[in-house]
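Some notes on the structure that comes next.
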Amino acid sequence: VVLFLVQAFIVLPLAEAATTRAVSDRYLDRSASLGSAYAAAARRLGAIIVQSLILFGGAVLLFAAGFALLFAFAAIGAAAGAILGLIVVLTLVVVSIIVFVRTMLAPPAIILEGVSGWRGLVRSWALTRGLAWRLFGIRLLLVLITAIIGGVLTALLTLAGSSLDANGQLIVTAVASAV
């Protein structure tokens, strides 16, 4: 759990911020290096963590309210409770997707514009106005492409290691997953 929290609130946002900084530097014809990108991201780490914690807190509140409604609807009865429960679940999924898409530009805003965690979320919300479905489609397409390529590579490497003993197969599977 601790490793997951460190990854979710520090490692991934820091990597995204560093990547944003490196791409921005290259776009602006400034020299970019791994060290300078991570140094710039590290200077904004506090704001990035605050942004992550705000989103996490909002998600916890949203899902707690959703589960409270599910339990309340379960007391109503089987058919009506199931229909209302399905509506709650679908609403949670749609709201989660909308919030994810509308706040996905917060780390770039924090690193490039030097704003706070909250202001980064507000800025992201403003930047994605009217583009949410397009951005969702692009992100979904990227996830699908990544999953397909990753699946093919994993299958090929796993197939290549199938003649190995159990330890060798474990190593090949771990390498395939990392790739």
Looking at segment 8-20, can you tell me whether even one residue there is within 25 Å of Leu131 (Cα to Cα), open to solvent by less than 60 Å² (accessible area, probe 1.4 Å), of a type in the set (D, E, K, R) and assigned to a helix (DSSP H, G or I)?
no
Here is a check on your reading of the model: is Leu144 surrounded by 11 or more Cβ atoms within 10 Å (Cβ to Cβ), aliphatic (A, V, I, L, M) and more than 20 Å from Leu55 (Cα to Cα)?
no
Condition first: under 12 Å from the mean Cα position of the chain (by Cα) and surrounded by fewer than 18 Cβ atoms within 10 Å (Cβ to Cβ). Now tell me which residues in segment 96-108 satisfy that.
Ser96, Ile97, Val99, Phe100, Met104
Hits in segment 109-141 - residues which are open to solvent by less than 80 Å² (accessible area, probe 1.4 Å), in contact (Cβ under 8 Å) with a residue 24 or more places away in the chain, assigned to a helix (DSSP H, G or I) and within 28 Å of Tyr38 (Cα to Cα):
Ile110, Ile111, Gly117, Gly120, Leu121, Leu135, Phe136
Filter result for Val93 (under 19 Å from the mean Cα position of the chain (by Cα), open to solvent by 40 Å² or more (accessible area, probe 1.4 Å) and under 19 Å from Arg139 (Cβ atoms)):
yes
Mind checking whether some residue in segment 150-164 is open to solvent by 90 Å² or more (accessible area, probe 1.4 Å), modelled with pLDDT of 85 or more and within 26 Å of the chain's Cα centre (by Cα)?
no
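The values are calculated or read from the model by the stated rules, or taken from the named source; none is laboratory data. Owing to the predicted nature of the structure, the values given are computational and were not obtained by experimental measurement. Positions of Cβ are backbone-derived with ideal geometry, glycine not excepted, and every protein chain shown enters the neighbour counts. To get the accessible areas, we keep the full protein, side chains included, count just its heavy atoms, and leave off ligands, DNA and RNA. Shrake-Rupley method; radii C 1.70, N 1.55, O 1.52, S 1.80 Å.
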